[in-house]
Amino acid sequence: MTAEEIIEQLKSTGELSFDKFYELINDFQLQFLRQENYEERKGLHRNPIEVKSEILRKLGDLDLAIQNREWMRDNNVEKREVNYVPFLVKETWRSDKRLKSLYSAVKRYCEVRKKDFITIAVHMAEYRAVNRLILRIRRDIRLGNQHSGGASDVSHFTFNDWLEKRFYNYKDQSGIVAANDSEKYEGLVKAGFLPMEELAKIHEAQQKAYDYIVECSVRIKRLEFETKMKDAADVDLMIETEKKRINKFNIEHQEIWKKIIDNKKYRHIKYGAKFLLPEHYKAIEEKNAVDVFLADAGSAFQIISDQNNVQLPSAQQMLYVTCEFNKHWLRLLKGYGEKAMFEKMVAVNDFKMLIERYGDGHTLKESYLQRLEFAANREWFINEEIKTYESVIPRYQGSIICWDQEFEREVKVDTGQYKRRGYGWVIKGYNPPKKDLILMIRENASIPAGIPVESTYGIYILELKELALGGAIAYYVGFLKEELAKPVTVKKKKPVAAELWRGTESQREKLFEQLAAHCFVENSEQVKANFMKDEMVHWLADGRSLIYLMRCLQGPLYNMIRPYDHLGPVIKNNFVNKNGEEFKNINQNLNGMRNDNKKGEPRSARKIDGLLKKVFDR
């Protein structure tokens, strides 16, 4: 039967099972060999290699013909790409380690690309059959092997043969013993002794055993560690010490560790591990024939058993198990640390105490005082600060994206509701006690289904901090309103000549003369007297030229102003612009010139450099 006839027949039944898919692959192989009368022709020919080469050419032509079928080409309009279905199926299989067989990879591809599964699966079965025959006949030609039996060769070994260790000492075409290492099983597949779907079953079984060992190791270590934590004087120190020990081990085995933590990459060692089924390990455990098979950093315990029943992992494979264990164990340690932090945060009497400890209100006030120093208008600055918080916080919609390592997915935490709630509580004068805080956090937490308990404490901490920050902002707004209501006291400006200017009196006189000559200041006795006494001077040029001059005078070349004096207050206390107003945006202009690049300099920079050289004879 042709592929089209099989598709039509299967569509009438409406399904294509896993077993039926692999039966089709074997049927396509046998059908091709019968059509070509391969066995009889090979047996009668005086030079069988000629028959094999002819069949190989026909198989190559058939392989190309299958790929060029309409259903085997994928035209992706969105990406403007045209690809072959076999290539895309292979990429689908490589991108997801949970896909253990060609059947599951084809099914996933059809779901993603919205293709008819039965149609694609039948064509892929024929494609796989042709490629199997190509590998088999190439192997026959390469080895000069005259034996090429039909169906018995196609299914030489099975999954049950692996369980019974019937090909444990079997050698592939390279003469290497297969043993219980499935990396070498691929050699058996290439040699035609082991079907690919049987190897997929073996891979799946070994994966389960691998995961089972890691799971048991984590369970045992967790019980041991939690028992020690109960008696520990300093839990945080205990957790940090454990993290350092594990990280040291991971650094020593960095190459393996990178493969383990990079979940998107193909971890070949899992498929090469010398593990049988989890049931085998469980049986040993029940008989008390095993003490502990714990993949712990620095000391990997082996399974105590009869080697005829269970194969021990090799030292290299145990390193992979250990690093896999470390990945899970570090996640649990992070959870323990977050739990301890959460318990510390909720060890408060009420919401007000939470704000005092974790609201970070002092940082808000420090920032305000620093910015107020350079504000042109105090009242305007405070009003703008109040207006900003009162308009933004009640509508705040913030969120934080966290990475859940256990499930390899992003978790979005809605932090905005907690900041709004904390702000609203303080505004309304509500101060909930500790028990209400904990109840509210746990009832409203943004925790997706399936997240382990130990991973929830990190989310609780984020939400408590946002709650405290919202409350701190409300107190800060109240503080600003109190500041606004205070009368402004104008302090008399103190003369700064004695402590600000360095250098000689004559240098200051020369500096004034040069500035007046270049029209930076007015050339009059009154202005000169003000300049020498550190009283207000009208600067006739733009503010950037004044800032540039002051930076040059403060620099190591001239050293006229102390290097630790902030130029903002110096300029404000000594100069006004040509309109008699104080200079604005001083900090912004200072930052623009900080790198001394040409782009940040004013147009008059070269003129200022020249007059300074004349003043200081440089």
Legend entry - Cα→Cβ-extended label distance, 7 Å offset, between PHE18 and ASP96, nm: 1.5 nm
Legend entry - Simple label model, 7 Å out from Cα along Cβ direction - GLU226 to ARG80, nm: 5.7 nm
Legend entry - Residues whose placed amide H lies under 5 Å from that of PHE575, excluding near-sequence neighbours: VAL537
Legend entry - Exposure rank, largest accessible area first [TRP257, TRP93; 1.4 Å]: TRP93, TRP257
Legend entry - Largest to smallest accessible area among PHE479, PHE575 [probe 1.4 Å]: PHE479, PHE575
Legend entry - Dipole axis of region 27-116 (+1 Lys, Arg; -1 Asp, Glu on Cβ), positive-most option in ASN68, GLN31, THR92: THR92
Inset, instruction - Could you sort out which of LYS486/LYS584; LYS11/LYS259; LYS419/LYS486; LYS481/LYS584; LYS365/LYS572 sit more than 32 Å apart by Cα distance in this structure? - result: LYS11/LYS259
Legend entry - Separation in nanometres of the label points that stand 7 Å from Cα toward Cβ, at ARG57 and GLU255: 4.5 nm
Legend entry - Cα centroid separation - region 96-146 against region 500-565, whole Å: 84 Å
Inset, instruction - Report the charge-dipole magnitude of region 48-88 in Debye, nearest 20, computed about the Cα centre from +1 at each Lys and Arg Cβ and -1 at each Asp and Glu Cβ. - result: 20 debye
Inset, instruction - Whenever you get a sec, compute what percent of the accessible area on region 61-117 sits on carbon and sulfur atoms (1.4 Å probe). - result: 48 percent
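So if R0 is 45 Å, what FRET efficiency would SER506 and LYS387 give, r being the distance between their Cβ atoms, rounded to the nearest 0.05? Show your work: numbers first, answer last.
Numbers: r = 52 Å, r/R0 = 1.16.
Efficiency computed from Cβ-Cβ geometry: 0.30.
May I ask you to rank ASP74, ASP609, ASP231 by accessible area, largest first, using a 1.4 Å probe over the protein chains only? Show your work: numbers first, answer last.
On the way: ASP74 5, ASP609 35, ASP231 135 Å².
Descending order: ASP231, ASP609, ASP74.
Go ahead and run the numbers for FRET between ARG139 and ASP211, Cβ-Cβ distance against an R0 of 35 Å, rounding to 0.05.
Given R0 = 35 Å and the Cβ-Cβ separation, E is 0.55.
Can you tell me the order of 124-133, 219-228 when each peptide is scored by its average per-residue count of other Cβ atoms within 10 angstrom, highest first?
Working: 124-133: 22.9, 219-228: 13.2.
Sorting 124-133, 219-228 by mean packing, highest first, produces 124-133, 219-228.
The values are calculated or read from the model by the stated rules, or taken from the named source; none is laboratory data. The model shown is predicted, which means the values in this text are computed figures rather than measured ones. Please note: Cβ atoms are built from the backbone with ideal geometry, for glycine as well, and neighbour counts cover all protein chains shown. These area figures cover heavy atoms from the full protein model, side chains too; ligands, DNA and RNA do not enter into them. Shrake-Rupley method; radii C 1.70, N 1.55, O 1.52, S 1.80 Å.
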